[in-house]
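The values are calculated or read from the model by the stated rules, or taken from the named source; none is laboratory data. Quick caveat: nothing in here was measured; it's all calculated off a predicted structure. Every residue, glycine as well, gets a Cβ built from its backbone with ideal geometry; the counts of neighbours run over all protein chains shown. Surface accessibility is based on the protein's heavy atoms, side chains included, excluding ligands, DNA and RNA. Shrake-Rupley method; radii C 1.70, N 1.55, O 1.52, S 1.80 Å.
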Amino acid sequence: MLLATFVRKNEAKMIEKIAADVSNELNVTPSKDFDGMQSSPRDGYKDLAKKVAYLCGNLPLGLHVVGLSLRGDSKHEWENQLSKLKSSLDRKIGDVLKVGYDRLSDTDQSLFLHIAFFFNNQAVDHVTTMLADGNLDVKNGLKTLVDRSLVYVSTSGCITMHCLLQQLGRKIVHKQSDDPGKRQFLEEAFEIHNVLANNTGTGSVLGISFDSSKMNEVSISKRAFEGMHNLQFLRIYGRYINALQISEDMEYLPRLRLLQWNAYPRKSLPPAFQLERLVELHMPMSNLERLWGGIQPLTNLKDINLGYSKNLIEIPDLSKATNLETLTLTSCSSLVELTSSIRNLHKLKKLMMMGCVKLQVIPTNINLASLEEVNMSDCSGLRSYPDISINIKDLDVENTHMEAHPSIGDCLPLLEWLRIGGINLKRLTHVPESVTHLDLSNSGLEKLPYCIIGLSRLESLFVYRCRKLVSLLGLPRSLKYINANDCESLERVSFVFSDSLREIEFQNCLKLDEESRRVIMQEKVYDSICLPGNEVPAEFIHKATGNSIIIPMDVDGNASFSIYSRLGFKACLLLSPIKYSHLDIACLITKGGVTIRKLKWDSINVSHFLTEHLFICGGNLVPGRPSLDGTANDILFEFSCRDSFKIIECGLQILSGETVWTGGSRDHHTYGDGNYEPEAVQVSQREKVQSSKYKCCWSWLEKLCSGKEDEEHDDFFEFSDFLEYYEFEEITDTTTGSTPIMTRRRIYY
């Protein structure tokens, strides 16, 4: 999917377009970039359109909202609205935007306020579920709000409201009453404190969002919520987890749909708490020991998060929570047993129990139909695999005493991600053939288990910090990514890969023999290679001290290259030792002071180099057709690092034809970050071109950069236009049909 968003330089023209479309009653819904609008105002509307633009302060958002609220109205209605705008003495955008709100129905206004206070940046499905118990028509209401440009719904189904519109919502609610306890929604920390401390809440209150970190220690009574019988959404959170205190156990909580109370201070919930409407229960870092007793009506409950509740000793009976999708019990370190009632949770998708160090008992002989992700890492008391579903696709049992056995293939036939590393793993005899990502990190393995060789679908292998690992031999040809960082005993590496290989990491593998180093550096990878080294190899014939290098072009070259020929480079950077930093490398390629291309390799991992390292990368040189200074004969490559990495030396190879670096031929990475600029560099002396083959390449590039190539080739963007586009592309691997594994992304412009 290719999405190009044009960056406008002339805002006045954009405003004229919007005003023209407003005057035409917006028969065409404008896009985000305001293209495709009609430019011929209907008779009699031109002057009105200009007045609308003026009264909106020429702000596109105000024009957009007011204009859409006037769609289809008569001139008389337009004039009435203009008089209202004129009466706004300060002409602030809030007054302008309120026109769109005032023209909504009561239910749509209510939906607008719910989104402004609680559901901005939330998924449509989630909002629909949370509001399903009321009288709001979410589906049609959202359509109206979108049509009026009061919210935006992305293609992925996420609702977004502009911050100015959120402020409008807060202003509207604030005007409902001088008494905060009589408003629909409460968000100001001081006002919430007063309402809870003085028990002044009323049946008008529908939602409370309380950031307790904005207050010092707050104490409330056990009956603080007694008057708010219509309260549906309660969110209490904050940086300081012990800011809110209750001297006695709570006696009352309303029939909530959302209960988020971080660091809840009491040992249990109120006995009279009615749970039948509850959709989300989020109480991380709480002092809870138990939640409730007996079997409760929980048919609406979809999400439970009790993570880091270190005193929790019991999970309640969940047999009636038949719609539960996520159960998070991370680091509930006092929990010994997982309730047997989970056998009824056939809609459960995620079970997160990492760090439950005392967990010993898990129900067996059940098959949860929807369960796909299970994380029981660091559950050191577990000895056997969770026999709770054959549908699991992602299983994390790192740092446990579990051992894979042949029957795991039968028990987990759909498994794709398997994380089984840890100091207790000293041998591995079986891995399901379905596994595509295998993590054996931090284990005591000395060599790669034989069972891995036959994994024809394996795409990524993680063996970092396997400090006893001596060799990596016979790896599957299907691999796209290898992380063997900090394997301090690793000596031998041997593999033969297809062109699908993306990235190889051997940071701090200081015992690698020369043959292994040669094999690694000669691999034709898609993205990058990182391994120890103290000099740039000889095959990088252009070398320079520091982080920049100039390549002279042969203006008189006679080679004939098609406009579609591939021309690329392969670079090797010598990096200094570093302590814990992201390895983010950028490359700026210029000719005559004009940018040809920017490339970037971003690491998601933190690197720690004990010695000097080599970073090998590359790409294609010309993504479009530049219009550059034809008199300049040099190409400058400037490399830079974020954080505190230092580039000691850089080397370069120029590639053409079949030898071109694959990283620049299929750009499946995420593009963006246009503000990133390489650090200032000093240009080194020119290096002589030592091969006639490269002279030919540069001769062709000089023609392209100077605009001398045939103008009939229109498959490339004009460079001046290319710089005004941000492009996003998602490409499927044509060789395997699968989406490539991305642990580093390249960005170009």
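Observations on the structure shown:
- Single condition Val493 does not satisfy, out of (1) assigned to a loop (DSSP other than H, G, I, E, B); (2) touching a helix residue (DSSP H, G or I) at 6+ places or on another chain (Cβ under 7 Å); (3) at pLDDT 90 or above: (1)
- Within segment 525-551, the set of residues being at pLDDT below 80 and either surrounded by fewer than 16 Cβ atoms within 10 Å (Cβ to Cβ) or among the β-branched types (Val, Ile, Thr) (or both) comprises just one member, Val525.
- Yes/no for Ile313 being closer than 28 Å to Met285 by Cβ, open to solvent by 10 Å² or more (accessible area, probe 1.4 Å) and in a loop (DSSP other than H, G, I, E, B): yes
- Qualifying residue in segment 171-191 (condition: within 22 Å of Arg239 (Cα to Cα), open to solvent by 60 Å² or more (accessible area, probe 1.4 Å) and in contact (Cβ under 8 Å) with a residue 12 or more places away in the chain): yes
- For segment 192-218, filtered to residues that are closer than 19 Å to Met283 by Cβ and among the small types (Gly, Ala, Ser), the residue that is surrounded by the most Cβ atoms within 10 Å (Cβ to Cβ) is Gly207.
- Helices (runs of 4 or more DSSP H) fully within segment 86-181 counting 1 or more residues that are touching a strand residue (DSSP E or B) at 6+ places or on another chain (Cβ under 7 Å): 106-114, 124-130, 138-147, 163-174
- Residue count for segment 517-544, restricted to those that are part of a loop (DSSP other than H, G, I, E, B) and without any contact (Cβ under 8 Å) to a residue 60 or more places away in the chain: 2
- Gln522 being open to solvent by 20 Å² or more (accessible area, probe 1.4 Å) and among the polar types (S, T, N, Q): yes
- Any chance Gln122 is at pLDDT 85 or above, more than 30 Å from Lys50 (Cα to Cα) and of a type outside the set (Phe, Trp, Tyr): yes
- Segment 142-155 residues that are closer than 17 Å to Asn120 by Cβ, paired with ones that are polar (S, T, N, Q) (beta carbon under 6 Å, 6 or more apart): Arg148/Ser69; Tyr152/Thr160
- Check on Pro284, under 32 Å from the mean Cα position of the chain (by Cα), assigned to a loop (DSSP other than H, G, I, E, B) and closer than 24 Å to Ile220 by Cβ: yes
- Residue check for Glu488: part of a helix (DSSP H, G or I), open to solvent by 10 Å² or more (accessible area, probe 1.4 Å) and closer than 30 Å to Ala571 by Cα: no
- Members of segment 378-393 found to be open to solvent by 30 Å² or more (accessible area, probe 1.4 Å) and not hydroxyl-bearing (Ser, Thr, Tyr), listed by number: Asp378, Arg383, Asp387, Ile390, Asn391, Lys393
- Residue check for Ser268: of a type in the set (Gly, Ala, Ser) and either surrounded by fewer than 18 Cβ atoms within 10 Å (Cβ to Cβ) or touching a Lys or Arg at 6+ places or on another chain (Cβ under 7 Å) (or both): yes
Quick grid of which residues meet (1) modelled with pLDDT under 85; (2) part of a strand (DSSP E or B); (3) open to solvent by less than 20 Å² (accessible area, probe 1.4 Å); (4) of a type outside the set (Lys, Arg):
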{"site": "Ser581", "(1), (2), (3), (4)": "yes, yes, yes, yes"}
{"site": "Ala586", "(1), (2), (3), (4)": "no, yes, yes, yes"}
{"site": "His608", "(1), (2), (3), (4)": "no, yes, no, yes"}
{"site": "Asp629", "(1), (2), (3), (4)": "yes, no, no, yes"}
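- Near pairs, Cβ below 6 angstrom, 6+ apart or cross-chain, from segment 95-112 (more than 14 Å from Leu168 (Cα to Cα)) to any residue that is open to solvent by less than 50 Å² (accessible area, probe 1.4 Å) and not in a helix (DSSP H, G or I): Thr107/Leu136
- Among residues of segment 316-341, those that are under 20 Å from Leu278 (Cα atoms) and open to solvent by 30 Å² or more (accessible area, probe 1.4 Å), counted: 6
- On the stretch given as segment 129-150, residues that are open to solvent by less than 30 Å² (accessible area, probe 1.4 Å) and within 15 Å of Arg103 (Cβ to Cβ) total 4.
- Those residues of segment 153-169 which are open to solvent by 80 Å² or more (accessible area, probe 1.4 Å) and modelled with pLDDT of 90 or more, in sequence order: Thr155, Ser156
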